[in-house]
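The values are calculated or read from the model by the stated rules, or taken from the named source; none is laboratory data. In this text the structure is predicted, and so the values were computed from the model without any measurement. Cβ placement follows ideal geometry from the backbone for every residue including glycine, while neighbour counts extend to all protein chains displayed.
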Amino acid sequence: MALPLPGVPISLNDVRNEFGGPNPIYISNYYAGGPYVPAGTSGTFGPVPTGGTISIANFYGTQQSLEIVTMDVGDNGGGAYGYNTYLGIGSISPNTMVFLSNGYCDALYWFADFGLVFNVEAIGSSGAFNTLIANGTSFSSGSARFFSGSGFSQWVWSGVDNPLGTSGTIQCVFV
C-alpha cells in the first residue's frame, strides 16, 4: 500500500514498514537504487534521490514494488527488443509474476509495430499493477490497452519509443 500524500504526517517507521529495512532506522538506508528502495521509485514530489540530500518528504506517495525483474535485452534482428519466448530473444529473472498468481511472463518487449508489450500466462485485471518502470521510464497500466483471454493477460502501450534499449541488462519494476 502506498505511503500517504502530503497533508498526512509520515515517519521513518512508515517508510521502513513500506520498504523494509533494519532497526535502528536511518534515512540514508532509503536512497533509490539501494537495498530497500528500487531504482526509479517516484512519489508526489518526483523520484526518490539516489544520493545527496534526502528527506521524509521524498517518500510521500511512494510504494514498494510488486515485482522487480532483471532483463537481458535481446534483439531479433527485425526491430523487436527485450524478452519474448516466442521470438526467442532475451531473458528475464524472475519469469513468474508473484503479483499475478505466479503467472509465467512470456513477453516483455518493444516492437515498432506494437509498442511496449507485457504478456503473462495468467488471468489478471487491467489494474493488477499501477505502473511499469521499464529501464527508468514509467508506464501507467491505465494508459495501456488491456487484453485478457483464455489463460493470458496482456498490456500494450502503443506509439511509445523503445524504453528497453537494444542490448544490455536492465531492470523493470512493477508497482
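Given the structure, is Ser150 surrounded by 13 or more Cβ atoms within 10 Å (Cβ to Cβ), at pLDDT below 95 and over 14 Å from the mean Cα position of the chain (by Cα)? So Ser150 fails the test. Quick check on my filter: what residues within segment 118-136 are farther than 18 Å from Leu87 by Cβ and either crowded, with 16+ Cβ neighbours inside 10 Å or in contact (Cβ under 8 Å) with a residue 40 or more places away in the chain (or both)? Passing the criteria: Ala122, Gly124, Ala128, Phe129, Asn130, Thr131, Leu132, Ile133, Asn135, Gly136.
Counting the residues of segment 96-122 that are outside any strand (DSSP E or B), within 28 Å of Gly61 (Cα to Cα) and in contact with a strand residue (DSSP E or B) (Cβ under 8 Å, 6 or more places away or on another chain) gives 4. Restricting to segment 121-144, name every residue that is more than 17 Å from the chain's Cα centre (by Cα) and at pLDDT 90 or above. Result: Glu121, Ala122.
Against the list (1) under 21 Å from Ser167 (Cβ atoms); (2) assigned to a helix (DSSP H, G or I), the condition Asn58 fails is (1). Would you confirm whether or not segment 33-56 contains a residue that is touching a Cys at 6+ places or on another chain (Cβ under 8 Å) and surrounded by 15 or more Cβ atoms within 10 Å (Cβ to Cβ)? Checking segment 33-56: not a single residue is touching a Cys at 6+ places or on another chain (Cβ under 8 Å) and surrounded by 15 or more Cβ atoms within 10 Å (Cβ to Cβ).
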